[in-house]
Amino acid sequence: MVHYWDLERLYQALAEAKRQLAPRARKGLTNTEKLYLRGLLCGNSPAEMARKLLQSPKGVEVFLCKTLYQYFKKMANSPDEPIGNWRNINTWLESAGYKTQSPSGFQLNNGWPEDLAVKILNVSIDRNPITIEKNTITITINIQLASASPSESPNTEDPDSGEHPK
């Protein structure tokens, strides 16, 4: 049986831990915190995430230590305990019940969310997207659809805010 991470519950629990640790910090998780969380849940080490995101391995590790690792420890009510290894997080979250049998927010009948919203990020025209042949016009359009979870908000973070590790 396939199990899925319950990202909505995880986002809410981690956001609450963050609020308790830093009441004046931005409400909820940042897009960067969500990105690194998903990387960890997919089994990527901090070094692998750094390589994939073209970041410094030390920068990613420092970011995780100052943010997500602190939230995990707060959720576990063990703020003084070391995380030990990034692999321990998945084991702990799984045993805490953050995996479900179906992906949250999706209907099982057709696999699409009930309230699918599409945001167009970029439009480009490749060479020869239009062909005319025997009274038929063919236009080639490539569309990529991605569904964000309900708690995902449009990216409003300032890329120069220093939030991303260097």
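The values are calculated or read from the model by the stated rules, or taken from the named source; none is laboratory data. If you're wondering where the values come from, they're calculated on a predicted model, not measured in any experiment. All Cβ positions, even for glycine, are placed from backbone atoms using ideal geometry, and neighbour counts span all protein chains on display. Side chains included, ligands, DNA and RNA excluded: accessible areas come from the protein's heavy atoms. Shrake-Rupley method; radii C 1.70, N 1.55, O 1.52, S 1.80 Å.
Couple of notes before you dig in:
- Looking only at residues of region 58-92 that are at pLDDT 90 or above and among the aliphatic types (A, V, I, L, M), we find that the one that is farthest from residue 20 (Cα to Cα) is 60.
- Positions within region 46-71 being on the phi < 0 side of the Ramachandran plot and not in a helix (DSSP H, G or I), in sequence order: 53, 55, 56, 67
- Check on residue 91, touching a residue at least 40 places away in the same chain (Cβ under 8 Å) and either open to solvent by 60 Å² or more (accessible area, probe 1.4 Å) or not hydrophobic (A, V, I, L, M, F, W, C) (or both): no
- Among (1) open to solvent by 40 Å² or more (accessible area, probe 1.4 Å); (2) more than 21 Å from residue 13 (Cα to Cα), the one test that residue 80 misses: (2)
- Close pairs (7 angstrom Cβ cut-off, 6 or more residues apart or separate chains): free of Cβ contacts under 8 Å to residues at least 12 places away in the same chain in region 1-25, part of a helix (DSSP H, G or I) and open to solvent by less than 80 Å² (accessible area, probe 1.4 Å) anywhere: 25/18
- Region 1-19: number of residues that are in a helix (DSSP H, G or I) and either of a type in the set (A, V, I, L, M) or within 18 Å of residue 65 (Cβ to Cβ) (or both): 7
- Single match in 43, 28 (criterion: at positive phi, within 17 Å of the chain's Cα centre (by Cα) and in contact (Cβ under 8 Å) with a residue 60 or more places away in the chain): 28
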